[in-house]
Amino acid sequence: FTNHAEVVRARALSRINHVLHTFHTLDLKQYIFIFNCYIRPLLEYAVTVFSPVPNSETSKRLEYPQRLYTKTVMRRCGMSFKCYRDRLTACCIEPLFVRRARFDLLYTYRCLYGVYDVDYSALLRWQSDPQAPLVTSRASRLRLVVPRVSLFHHTTFFFPRTISLWNSLVGRPPTDRK
């Protein structure tokens, strides 16, 4: 998938170049709207099929177009910034690896609760733990079992990476969003 990631990155950089030469404004919100409409879809297309490990070189290379775009538009708008996180906060956007994880969890939820008319029972199974005490029985019922197939040992495949992420969230109390 490295070649695919390079093609996606090149397309996004080309689109950024086109957008920055076409649109001239001092309004950061307009630039973010343009990014969300024209550039982000290129970077997020089919993320449930292809999603690199968050801190891998491929993930960093896919994050670069967003880094470049936020830096350039903030300079154009005359805004100061110190680091990438500050730019993301000022632009009200999230890192792409966070969005990819959210898409994975959403897709898993939809598979588990029958939103998609596909039988995933061979790949997704609930953990059944009759020995769990009442306090944790709800959490144990929400856990998934990782399938035992040699093909799924690769960390970038959808179900192993998503099931571990899903299970890490089980039992945590919900937090208030800003």
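For region 76-178, the helices (runs of 4 or more DSSP H) that sit wholly inside it and include 1 or more residues that are at pLDDT below 85, closer than 30 Å to Leu62 by Cβ and open to solvent by less than 60 Å² (accessible area, probe 1.4 Å) are 96-112, 158-169. Being of a type in the set (Ser, Thr, Tyr), out of contact with any His (no Cβ under 8 Å at 6 or more places or on another chain) and under 30 Å from Leu142 (Cα atoms) is a description that does not apply to Thr89. From the list Ser14, Ser59, the one residue that fits, being open to solvent by less than 60 Å² (accessible area, probe 1.4 Å) and free of Cβ contacts under 8 Å to residues at least 40 places away in the same chain, is Ser59.
The values are calculated or read from the model by the stated rules, or taken from the named source; none is laboratory data. This one's a predicted model, so the numbers in the text were calculated from it and none came from an experiment. All Cβ positions, even for glycine, are placed from backbone atoms using ideal geometry, and neighbour counts span all protein chains on display. Please note that ligands, DNA and RNA were not included when accessible areas were found on the heavy atoms of the full protein model with its side chains. Shrake-Rupley method; radii C 1.70, N 1.55, O 1.52, S 1.80 Å.
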